[in-house]
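This report concerns only the one structure given below.
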Ligand SMILES: Cc1cc2nc3c(=O)[nH]c(=O)nc-3n(C[C@H](O)[C@H](O)[C@H](O)COP(=O)(O)OP(=O)(O)OC[C@H]3O[C@@H](n4cnc5c(N)ncnc54)[C@H](O)[C@@H]3O)c2cc1C
């Protein structure tokens, strides 16, 4: 059987592309190599401005039912500073990726996409006017269109982002859940600490989610100072340098184990190459400091699906750049400010006046509904 689209990866980007194309009557094969549900390195925060996007994905109602409490104040913890926005508003909510990604994938299946999982696409070759995707069990999937939605953290395999030579500025990402703790209700602080940045948020099931990125040189120094495994040393470094995290997590208990990945590759990559479309993180990745990656992944797939259905796929790369490049560049500026001079970052008048940094990405390019 020949599919209209072979979609590689069922993260937010792959599942939303699959749902939209299947809804438009395309025969869609969605292939995912991981066994779901799976945890993932991610802050898990979804901004309120993303709710229309989740609605378009058919998961807004279950998302709100399962997610953590409403974030009503954003803030910044850096050095001794513990700043919180004076005004309360609805910023958004957090939900573990072990729940969100299953919701998005199931919505794609309900729309008619056929799921192959857990199964890895190991190669994609040309086949007449279409493509042949090879699965790790030896089977092949023939398709007219191939969409790579496989994220940006694979260093091996098909469409992997290759590792550059190690550099002190390489960024490693960590994530953990905690129970107990003393993070004030409704508060989501951005963390700026020497060599890195991160976030704390109340997520589902009463947990607190900590996620962060740290430069290789800062991580090496933390390991030399605190010993233990990389994740433990990074947590000790954040606790020691950031009073707000000490106050929030000092008495908290680690739930499960730390997750880690890296080096990660924030930046803009190919959106179309050799007849294959790229969407989500593989096409471009913002520094997670703006907590917009999931939304951007879904929106880039919305854009792609809309253009493919309208037979205008050739304009995707250009349109993508127009919509997402400003967010990626702005996030990079903020991330470097936070990492280089955390205390100065916290005292920047602009940040004090506008702790809505976390909504910045949305404001820069506007959130558009993704319905195709
Ligand atoms: C520290 C940190 C904190 C973050 N916090 C937030 C946040 O609070 N809010 C937010 O919105 N974003 C956040 N992000 C960003 C967010 O996690 C990503 O932007 C998002 O996961 C991208 O979605 P995606 O679908 O493009 O890729 P992914 O979620 O990576 O999904 C890709 C999928 O493809 C599968 N796959 C890969 N290769 C193959 C293959 N060959 N065959 C089959 N399947 C394959 C993988 O198993 C995976 O499931 C954070 C990121 C980091 C590093």
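Coordinate-derived values only; no laboratory data. Just so we're clear, the structure is a prediction, and the values are computed from it rather than from any experiment. Using ideal geometry, Cβ is built from the backbone for each residue, glycine included, and neighbour counts are taken over all protein chains shown.
Okay, here's what the table says:
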quantity: Label-reachable residues, the stretch 157-172, where backbone N falls under 11 Å from a point 7 Å from residue 126's Cα toward its Cβ; calculated: none
quantity: Gyration tensor verdict on the stretch 1-93 (Cα atoms; rounded if a/c is under 1.5, prolate if a/b is larger than b/c, oblate otherwise); calculated: prolate
quantity: Degrees between helix 293-309 axis and first principal axis of the chain (Cα, 0 to 90, nearest 10); calculated: 20 degrees
quantity: Crossing angle, helix 216-226 versus the chain [Cα axis fit, 0-90 degrees, rounded to tens]; calculated: 50 degrees
quantity: Least to most buried among 49, 315 (fewest other Cβ within 10 Å first); calculated: 315, 49
quantity: On Cα atoms only, tilt of 230-241 relative to the major axis of the chain in degrees; calculated: 40 degrees
quantity: Order of 239, 219, 188 - criterion: other Cβ atoms within 10 Å of each residue's Cβ, fewest first; calculated: 239, 219, 188
quantity: Stretch gain in nm, segment residue 260-residue 332, where the contour uses 0.36 nm per residue and the Cα spacing is subtracted; calculated: 23.8 nm
quantity: CD proxy at 222 nm, helix term only [per DSSP H run n ≥ 4: -39500 (n - 2.57); per residue of the chain; nearest 500]; calculated: -10500 deg cm²/dmol
quantity: Cβ-derived FRET efficiency at R0 25 Å, residue 251 paired with residue 226, nearest 0.05; calculated: 0.85
quantity: Prolate/oblate/rounded call for the stretch 147-257, Cα gyration tensor, a/c under 1.5 rounded; calculated: oblate
quantity: Antiparallel bridge percentage (DSSP; both residues within the stretch 1-130; nearest 5); calculated: 55 percent
quantity: Projected-area average for the chain over all orientations - Cα convex hull basis, square nanometres; calculated: 17.2 nm²
quantity: Efficiency of FRET from Cβ geometry, residue 114 and residue 72, R₀ 45 Å, rounded to 0.05; calculated: 0.65
quantity: Ranked 3, 77, criterion: other C-beta atoms within 10 Å, fewest first; calculated: 3, 77
quantity: Residues of the stretch 73-97 with amide N under 17 Å of a point placed 7 Å along Cα→Cβ from residue 243; calculated: 75-85
quantity: Inter-centroid distance (Cα atoms) of the stretch 242-300 relative to the stretch 38-102, Å; calculated: 14 Å
quantity: Antiparallel bridges, percent of DSSP beta bridges restricted to the chain (to nearest 5); calculated: 70 percent
